[in-house]
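Enquirer: Handing you a structure now.
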Amino acid sequence: MRQVKADNSTRIELVVPANEAKIRLDQFLAKRLPEFSRSRLQQLIRDGFVRLNNSTSRPRQIVRNGDKIDLTEPPLEKIEALPEQIPLEVLFEDNDLLVINKPAGLVVHPGAGHREHTLVNALLNHCATLSGIGGKERPGIVHRLDKDTSGCLVVAKNDTTHRELSGQFAARTVEKTYLALVAGKLRKAAGVIEEKIGRHPTPLRGRAAKTGYRVIRSSERASLVECQLHSGRTHQIRVHLHHLGHPVLGDKVYAARLAKDFPRQMLHAWKLGFRHPDTEEWKIFEAPLPADFNDALAISTSSV
């Protein structure tokens, strides 16, 4: 692989070896360039920033031995989101990154229906600089949490940190531990769920996913479950626990009939561990449970 800097953009040149041939172009790039998300690579291909043998291509194009691939990462777009004075609970901050305890109800970045009042708006007010790899609507955003999920989220202040953290997420070396309040009492105190995750409403037809779980406390009505993510699929914990027969309480998508008694889905990103891109020190952070989760926990498992 060769990287060439030119005109504020980065060009990456790759040649497909025999042992990595006969797979999709986006799969090959995702394997070789873990600092880029799969969706980002697919968008670059569709927008013509990836050339296969000097021609534009499609994400599903099959690569062959000796194929030459040129990927150009375009110059960073100007950030257009505006700073807003939204309070942030900062768990850690240095010159490279910060880790926050995201409150439930806060959308991570601007999008359809949410052009303002997002975490990005709060970050622009809090930080002098943020990485621009995510584009003008997602500065600093390395990973996401659902709007109604609270807890640990890491933000990159520069592009080097962003790429390194993205690589760790892609390589699944980041430790992600969640707490979920689920319906009913589980038969097994601990276990592993390995079911494919796809797009709703057919969530179990898609990409491989793995979630480890351990029951912390329970009653006949509900259980507090610790979940360890071994992959990062959309809605993974919610889908897997629903598949197990114990959906997350308050989940309006996968357990609508159980949602009315709870202010939101009872899911909290409790702990986050990763290697610091600059110091290479292993860091682990813990976000305390918010009041609404503690209240729901007290009521739902009060028989313990």
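The values are calculated or read from the model by the stated rules, or taken from the named source; none is laboratory data. Since the structure is predicted, the reported quantities are computational estimates derived from the model, not experimental observations. No Cβ is skipped: glycine too gets one built from the backbone with ideal geometry, and neighbour counts run over all protein chains shown. Just so you know, the surface numbers come from the protein's heavy atoms only, side chains and all, with ligands and any DNA or RNA stripped out. Shrake-Rupley method; radii C 1.70, N 1.55, O 1.52, S 1.80 Å.
Enquirer: Filter the strands (runs of 3 or more DSSP E) completely within the range 25-123 down to those with at least 1 residues that are hydroxyl-bearing (Ser, Thr, Tyr). Reasoning before the result, please.
Expert: Values: elements: 50-52, 68-73, 90-93, 97-102.
Ranges flagged: 68-73.
Enquirer: If you go through the range 160-199, how many residues are in contact with a Leu (Cβ under 8 Å, 6 or more places away or on another chain) and of a type outside the set (Val, Ile, Thr)?
Expert: Result for the range 160-199: 12.
Enquirer: For residue 187, work out the one condition from (1) without any contact (Cβ under 8 Å) to a residue 12 or more places away in the chain; (2) closer than 18 Å to residue 286 by Cα it doesn't fulfil.
Expert: It is condition (2) that residue 187 fails.
Enquirer: Considering each of 182, 154 in turn, give the residue that is more than 15 Å from the chain's Cα centre (by Cα) and modelled with pLDDT of 90 or more.
Expert: 182
Enquirer: Among the numbered conditions (1) closer than 22 Å to residue 188 by Cα; (2) open to solvent by 60 Å² or more (accessible area, probe 1.4 Å); (3) touching a helix residue (DSSP H, G or I) at 6+ places or on another chain (Cβ under 6 Å), tell me where residue 248 comes up short.
Expert: For residue 248, the exception is condition (2).
Enquirer: If we keep just the residues of the range 272-283 that are surrounded by 12 or more Cβ atoms within 10 Å (Cβ to Cβ) and not charged (D, E, K, R), which is nearest to residue 173 (Cα to Cα)? Steps first, please.
Expert: Initially, the range 272-283 is screened for residues surrounded by 12 or more Cβ atoms within 10 Å (Cβ to Cβ), giving 272-278, 283.
Imposing the further condition that a residue be not charged (D, E, K, R) reduces the set to 272-274, 276-277.
Details: 272: 11, 273: 9, 274: 7, 276: 12, 277: 13 Å.
For the range 272-283, the residue satisfying everything is 274.
Enquirer: Also, I was wondering about something else. Considering each of 14, 44, 88, 71 in turn, give the residue that is touching a His at 6+ places or on another chain (Cβ under 8 Å), among the aliphatic types (A, V, I, L, M), open to solvent by less than 70 Å² (accessible area, probe 1.4 Å) and at pLDDT 90 or above.
Expert: On inspection, the qualifying residue turns out to be 88.
Enquirer: Okay, next question. One residue is enough: does the range 274-283 have a residue meeting the conditions farther than 12 Å from residue 180 by Cβ, touching a Gly at 6+ places or on another chain (Cβ under 6 Å) and not in a strand (DSSP E or B)?
Expert: There is no residue in the range 274-283 that is farther than 12 Å from residue 180 by Cβ, touching a Gly at 6+ places or on another chain (Cβ under 6 Å) and not in a strand (DSSP E or B).
Enquirer: Name the residue that is surrounded by the most Cβ atoms within 10 Å (Cβ to Cβ), counting only residues in the range 176-195 that are β-branched (Val, Ile, Thr) and more than 30 Å from residue 94 (Cα to Cα). Let's see the steps before the verdict.
Expert: Initially, the range 176-195 is screened for residues β-branched (Val, Ile, Thr), giving 177, 182, 192-193.
Adding the requirement that they be more than 30 Å from residue 94 (Cα to Cα) leaves 182, 192-193.
Values: 182: 30, 192: 11, 193: 18.
My answer is 182.
A quick yes/no check of all residues on (1) in contact with a helix residue (DSSP H, G or I) (Cβ under 6 Å, 6 or more places away or on another chain); (2) open to solvent by 40 Å² or more (accessible area, probe 1.4 Å):
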{"site": "103", "(1), (2)": "no, yes"}
{"site": "107", "(1), (2)": "no, no"}
{"site": "127", "(1), (2)": "no, no"}
{"site": "140", "(1), (2)": "yes, no"}
{"site": "164", "(1), (2)": "no, yes"}
{"site": "174", "(1), (2)": "yes, no"}
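Residue by residue, here is whether (1) at pLDDT below 95; (2) of a type outside the set (Phe, Trp, Tyr) holds:
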residue	(1), (2)
221	yes, yes
252	yes, yes
263	yes, yes
271	no, yes
293	no, no
300	yes, yes
304	yes, yes
